[in-house]
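The values are calculated or read from the model by the stated rules, or taken from the named source; none is laboratory data. All of these numbers come straight from a predicted model, not from anything done at the bench. A quick note on method: Cβ atoms are made from the backbone with ideal geometry, for glycine too, and the neighbour counts reach across all protein chains shown. Just the protein is used for accessible areas: all its heavy atoms, side chains included, with ligands, DNA and RNA removed. Shrake-Rupley method; radii C 1.70, N 1.55, O 1.52, S 1.80 Å.
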Amino acid sequence: MKTKVKHAAKAAYRFSNSWTGTVIIVLFVIFFVAQAFRIPSGSMKDSLLIGDHLFAKKFAYGISTPHVPFLEIPLIPGTDGHIIDGDTPQRGDIVIFRYPNNTSLHYVKRCVATPGDELFVYNKDLFLHPAEGDDYIRQHYTFTHEIEEFDGRLWIKNPYMKEHPGIHHDPHIIDDGQFPQPIFNFGPVQVPEGRYFMMGDNRDHSNDSRFWGAVPYGLVEGTPWFIYFSMDDNYEIRWDRMFKTPTDLEQSPYLDRAVAERQREEGTDRGLY
């Protein structure tokens with residue numbers, strides 16, 4: 001028995017050192033375990049910054065359909081986006097998904113509402129009514145969040161800002177007719193079954209579900225795992241962000257430095273991304 005195991009181990013070792021074995025192993029990791037992404041825009045400031053390079057945990061929400069690298073062609077046509085269903089995004093998760101209007105593009109946003117939840121935006125503030133109802137709100141949010149009543153139901157005001165301090169608004173963006181209305185007032189809407197409402201933490205500079213709707217589960221790819229490299233616009237390496245998870249980066253001093261970097265730039269970019 002030991003001899004057979006030893007021979008099998010040697011065969012596996014030789015295969016892994018061959019070109020074929022190396023390619024298969026690399027593709028397996030990319031398809032099912034971890035994939036490298038670069039944050040190209042500021043929609044998730046101050047949680048994730050432009051120039052952050054991260055590994056995505058591909059298996060966090062089931063096993064998504066593998067795509068040919070760079071070409072983004074699905075290897076298994078006809079699936080709904082997953083070959084194995086798994087966990088679903090939860091409220092507050094940072095999620096990597098394929099953009100519904102162009103599935104060759106990957107977006108990263110925060111899930112702010114799950115199927116059955118209702119939400120609206122009023123004067124930039126997000127209000128959430130979870131599908132579980134008023135009793136759930138009283139039990140889980142009364143002592144930790146601001147609760148308001150509209151139309152005889154309870155709504156949680158800005159339900160994620162305390163837990164995720166990277167979420168913020170740009171004081172330079174005001175409702176003067178120059179900017180898209182959904183930034184300031186949106187909804188109310190109910191999230192359909194099997195879909196997830198995504199918003200960027202940089203709330204006033206985020207092209208998200210307020211503009212193109214909730215994301216189907218089939219387009220969900222994973223969640224950020226950790227930053228393996230980070231460089232700012234001046235080509236300076238952000239050594240303090242390397243090998244940190246998104247949860248780590250929400251703590252001081254990492255968040256303080258991200259806020260300081262953003263405040264230096266604030267008011268210079270008025271677009272959505």
- Item | Residue-wise HN-Hα coupling along segment 186-202, computed from phi with Karplus coefficients 6.51, -1.76, 1.60 (Hz; x: Gly, Pro) | 7, x, x, 9, 10, 6, x, 4, x, 10, 9, 8, 10, 9, x, 5, 7
- Violations at 20 Å Cα threshold for listed pairs LYS58/LYS157; LYS57/LYS109; LYS57/LYS244; LYS45/LYS109 -> LYS58/LYS157
- Task: Take the Cα atoms of segment 151-273, find their three principal axes, and give me the spread along each one in whole Å, biggest first.
- Result: 48, 37, 26
- Query: Taking R0 as 25 Å, what's the FRET efficiency between ILE83 and LEU105 from their Cβ-Cβ distance, rounded to 0.05?
  - Reply: 0.75
- Note on the structure: Averaged per residue, the 1.4 Å probe accessible area of segment 76-119, protein heavy atoms only, in Å², is roughly 42
- Compare the peptides 234-246, 106-118, 85-97 by average per-residue count of other Cβ atoms within 10 angstrom and give them in order, highest first. 106-118, 85-97, 234-246
- Message: Going by amide H atoms built from the backbone, whose H comes under 5 Å of the H on LEU49, apart from near neighbours?
- Response: none
- Query: Quick one, what does Rg over Rh come out to for segment 158-227 if you take C-alpha atoms and the Kirkwood Rh?
  - Reply: 0.99
- Query: GLU72 versus GLU146, label points 7 Å from Cα toward the beta carbon: distance in nm?
  - Reply: 3.8
- How about segment 119-172: which trypsin sites (Lys or Arg not before Pro) there lie in a loop by DSSP and see at most 16 other Cβ atoms within 10 Å? LYS162
- Task: Give the relative contact order (percent, whole number) for segment 208-273; include only Cα pairs under 8 Å separated by 6+ residues.
- Result: 20
- Would you please name the GluC sites (Glu not before Pro) within segment 148-202 that are DSSP coil residues with at most 12 other C-beta atoms within 10 Å of their C-beta? GLU163, GLU193
- Item | Inter-site label distance for GLN90 and GLU163 at 7 Å from Cα along Cβ, in nm | 0.7
- Residue-span extension gain [GLU265 to ARG153] - 0.36 nm each, minus C-alpha spacing: 36.3 nm
- Modelled FRET efficiency - R0 25 Å, ASN234 with HIS172, Cβ distances, 0.05 increments: 0.65
- Query: Under a Cβ-Cβ cut-off of 9 Å, what is the net charge of the residues other than GLY116 that fall near it, where Lys and Arg count +1 and Asp and Glu count -1?
  - Reply: -4
- Query: If you place +1 on the Cβ of every Lys and Arg and -1 on the Cβ of every Asp and Glu, how big does the dipole about the Cα centre of segment 156-252 come out, in debye to the nearest 20?
  - Reply: 320
